Amino acid sequence: FQETEAPRPPGAKDLHDYPWDKSSLKSMPVDLQQFKNLDAYALKVNVKSSVEELVKALLKQARTDLEKVRAIWMWICHHIEYDIVGYHDKSQRFSRAEEVLQMGKSVCEGYAELFEQMCSIAGIQCKKLSGHSKGYGYKIGQTFRGKSDHAWNAVYLEGRWHLLDSTWGSGSVNDSFTKFTYRYDEFYFLTHPALFINNHFPDNSNWQLLKPTLTLKEFESNMKRSSNFYMLGLLASRPETPIIHTVNGKASVSVDCHPGTLFMFKMKGTDKHGLMTLKKHGMELDIYPQTTGSHKLEIFAKPSTAEAPGDVYEHVLEYIVECESVDRAMRFPKDLHQPVGPSWFSKRQGFLRPSHHEPIIHTNDGRCSLTFTLGKDISVLSSLHCDGRSIAEDAQWRHVMQIHRGNQIELKVHLPHAGDFVLKIYAKKRSDPGSYNYIFNYLISCLNREVKWPAFPLRYSKWLDDYEILEPLSGLLPANRKVQFKLKMHSIAKVLVEAKKTYTLTNNRGCWEGTCNTSGCREVFVMVHENANHKFYSHVLKYDVETQ
């Protein structure tokens, strides 16, 4: 193996446009599928005798310069661990290539040194670069002064310089910097320079490989986006700066991505102080801190195809929210689930054409009605929740009335008082005997202190999905009063209303109508005969009567 000639400095043809054009994560076309066999081979190579012998073994399966660099990269990322002891104690640090190989560990200096030497033996121009990085211990908004703190490499392939960082490609250390975990990261192999600059600032600005180059000040104030951000196909986030100031107690963040990404967020460890909505091409989040001061806001994402339990939400973004004043009105019920409102996710679960697209529904009279077109074979359950004890657990579903008309469903909601409520919607396949799955929720808000709707009547299991109560809708009937009944029910032979006396309703074109008197009773039942020959009645509805 010949020693390569001295690396040429970067020139005009090495430069990429800044900001990133959202085209590719890499600085040259790379087909990872074509590397499958080479990668597997490189991982198995187990030569420690010398750097030369190791390179010789690795290159047996590599033909092109790109394949040679790939084999070296894969081997280092999977066989050299980060030296935590050496990081804390300089006297125990190894960074010469032979030492790194023998010890099997090093700090970034040693990774870059070993990479450079292995490339040199393989006849590939490679340069070790140093500079500032937003790595371990980085705090949002910090300034970089004095000596550089990180090292990485540039390699010369197909007539251009490219960047990579085998230290960050190999894995990560924990927050307390006491443990290294191998966790391969493809992102740092031939990273597009407009993305690499996110967290690598070289001492010599020519090695940014960018036009225009960034100043250190721009680097300091730029967003730090994790490699997960780009590996999950996320494209952009706003605001572009990592420190956000609230305006009237509110701060807003949005992320653009390819369709079908799920998000979650945490601020001070909870997702209770915000309102997140999923959009087809991303998400929008409004944050309402409930105390003044600085708050760390973290955003996580995962692909929605990740039904496999192994797929967890990955950390993708971090902001500092500076809150000058608190908006007390934006305190959300603890039952509110993120994201809020309908989205491509609820649509995928069979809830199509929602009447209400926004996450918050405002009502002045304490009533609202939502409609959806349902996909095939879907059974729905819905319930109303609020903080405090004003809705008993068994009454949560009595404040929502579900009415099916063909493939349409209407949810009528009557609020028991003013305040903020959560309408939760669950579903399952009709053909599925299992339990209902939570799908999505809305926030319903009412400021009118006069509002006081009773629950709907209690519906028994014989009350079918497509039956409908036209009147009385209130589950609490007035005492000593004549009450009008009007119920839409099909395939029924006879309907009785049982108060102190029993009243028979008459069928008028599918509507069962009649009256009953509530005097002398505490409860009123509606009962049906499904078949004229049956002796037995089934209970379908129960009303309470006001006490005098």
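The values are calculated or read from the model by the stated rules, or taken from the named source; none is laboratory data. On a predicted model such as this, the values are computed, not experimentally measured, just so you know. Ideal geometry is used to build each Cβ from the backbone, glycine not excepted, and the neighbour counts take in all protein chains shown. Surface accessibility is based on the protein's heavy atoms, side chains included, excluding ligands, DNA and RNA. Shrake-Rupley method; radii C 1.70, N 1.55, O 1.52, S 1.80 Å.
The table that follows gives values for the structure above.
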{"item": "Unmet requirement for Ala62, which otherwise passes all of (1) out of contact with any Lys or Arg (no Cβ under 7 Å at 6 or more places or on another chain); (2) farther than 30 Å from Asn174 by Cβ; (3) assigned by the TED database to the domain that holds Tyr111", "result": "(1)"}
{"item": "Lys127 being open to solvent by less than 60 Å² (accessible area, probe 1.4 Å), of a type in the set (D, E, K, R) and closer than 20 Å to Pro193 by Cα", "result": "no"}
{"item": "Gly110 vs. criteria on the phi > 0 side of the Ramachandran plot and over 36 Å from the mean Cα position of the chain (by Cα)", "result": "no"}
{"item": "Residue list for region 98-114, restricted to those being out of contact with any strand residue (DSSP E or B) (no Cβ under 6 Å at 6 or more places or on another chain), crowded, with 24+ Cβ neighbours inside 10 Å and part of a helix (DSSP H, G or I)", "result": "Leu101, Gly110, Tyr111, Leu114"}
{"item": "Selected residue [assigned by the TED database to the domain that holds Leu541, surrounded by fewer than 16 Cβ atoms within 10 Å (Cβ to Cβ) and not basic (Lys, Arg)] from Asp466, Asp432", "result": "Asp466"}
{"item": "Criterion violated by Pro303 - all others in (1) open to solvent by 10 Å² or more (accessible area, probe 1.4 Å); (2) free of Cβ contacts under 8 Å to residues at least 60 places away in the same chain satisfied", "result": "(2)"}
{"item": "Subset of region 237-260 [part of a strand (DSSP E or B) and either open to solvent by 10 Å² or more (accessible area, probe 1.4 Å) or closer than 20 Å to Arg331 by Cβ (or both)]", "result": "Arg238, Ile243, Ile244, His245, Val247, Lys250, Ala251, Ser252, Val253, Ser254, Asp256"}
{"item": "Of the criteria (1) modelled with pLDDT under 95; (2) in contact with a Leu (Cβ under 6 Å, 6 or more places away or on another chain), which one Gly514 fails", "result": "(1)"}
{"item": "Those strands (runs of 3 or more DSSP E) lying entirely in region 342-404 with at least 3 residues without any contact (Cβ under 8 Å) to a residue 40 or more places away in the chain", "result": "367-374"}
{"item": "Lys486 being in contact (Cβ under 8 Å) with a residue 24 or more places away in the chain, of a type in the set (D, E, K, R), open to solvent by 40 Å² or more (accessible area, probe 1.4 Å) and touching a Cys at 6+ places or on another chain (Cβ under 8 Å)", "result": "yes"}
{"item": "Neighbours by Cβ (under 9 Å, 6+ apart or cross-chain): first from region 321-338, under 11 Å from Leu443 (Cα atoms); second of a type in the set (Phe, Trp, Tyr)", "result": "Phe332/Tyr288; Pro333/Phe421; Asp335/Phe421; His337/Tyr438; His337/Phe440; Gln338/Phe263; Gln338/Phe265"}
{"item": "Matching option when the condition is in the same structural domain as Phe115 (by the TED database), open to solvent by 40 Å² or more (accessible area, probe 1.4 Å), within 19 Å of Trp73 (Cβ to Cβ) and not in a helix (DSSP H, G or I), among Lys56, Lys48", "result": "Lys48"}
{"item": "Scope region 68-87; condition open to solvent by less than 30 Å² (accessible area, probe 1.4 Å) and in a helix (DSSP H, G or I); matching residues", "result": "Val69, Arg70, Ala71, Ile72, Trp73, Met74, Trp75, Ile76, Cys77, Ile84, Gly86"}
{"item": "Lys302 vs. criteria in contact with an Asp or Glu (Cβ under 6 Å, 6 or more places away or on another chain) and farther than 23 Å from Glu322 by Cα", "result": "yes"}
{"item": "Hits in region 500-548 (condition: buried (at least 17 other Cβ atoms within 10 Å of the Cβ) and among the β-branched types (Val, Ile, Thr))", "result": "Thr518, Val524, Val526, Val528, Val540, Val545"}
{"item": "Index of the failed condition, Ile469 passing every other in (1) without any contact (Cβ under 8 Å) to a residue 40 or more places away in the chain; (2) under 21 Å from Arg367 (Cα atoms)", "result": "(1)"}
{"item": "Residue check, Gly171 over 21 Å from Phe229 (Cβ atoms) and either modelled with pLDDT under 95 or open to solvent by 10 Å² or more (accessible area, probe 1.4 Å) (or both)", "result": "no"}
{"item": "Flag for Leu216 being open to solvent by less than 10 Å² (accessible area, probe 1.4 Å) and modelled with pLDDT of 95 or more", "result": "no"}
{"item": "Checklist (1) surrounded by 18 or more Cβ atoms within 10 Å (Cβ to Cβ); (2) over 13 Å from Asp365 (Cβ atoms) applied to Asn437, failing item", "result": "(1)"}
{"item": "Among (1) at positive phi; (2) open to solvent by less than 50 Å² (accessible area, probe 1.4 Å); (3) free of Cβ contacts under 8 Å to residues at least 40 places away in the same chain, the one test that Gly269 misses", "result": "(2)"}
{"item": "Filter result for Gln117 (surrounded by fewer than 23 Cβ atoms within 10 Å (Cβ to Cβ) and either at pLDDT below 95 or closer than 20 Å to Val30 by Cα (or both))", "result": "no"}
{"item": "Within region 272-282, tally of residues that are of a type in the set (D, E, K, R) and either crowded, with 22+ Cβ neighbours inside 10 Å or part of a strand (DSSP E or B) (or both)", "result": "1"}
{"item": "Within region 408-431, tally of residues that are over 23 Å from the mean Cα position of the chain (by Cα) and either of a type in the set (Ser, Thr, Tyr) or not in a strand (DSSP E or B) (or both)", "result": "6"}
{"item": "Of all residues in region 501-548 being in contact (Cβ under 8 Å) with a residue 12 or more places away in the chain and of a type in the set (Lys, Arg), the one that is nearest to Ala455 (Cα to Cα)", "result": "Lys542"}
{"item": "Region 138-152, residues that are open to solvent by less than 60 Å² (accessible area, probe 1.4 Å) and not aromatic (Phe, Trp, Tyr)", "result": "Ile140, Gly141, Gln142, Ser148, His150, Ala151"}
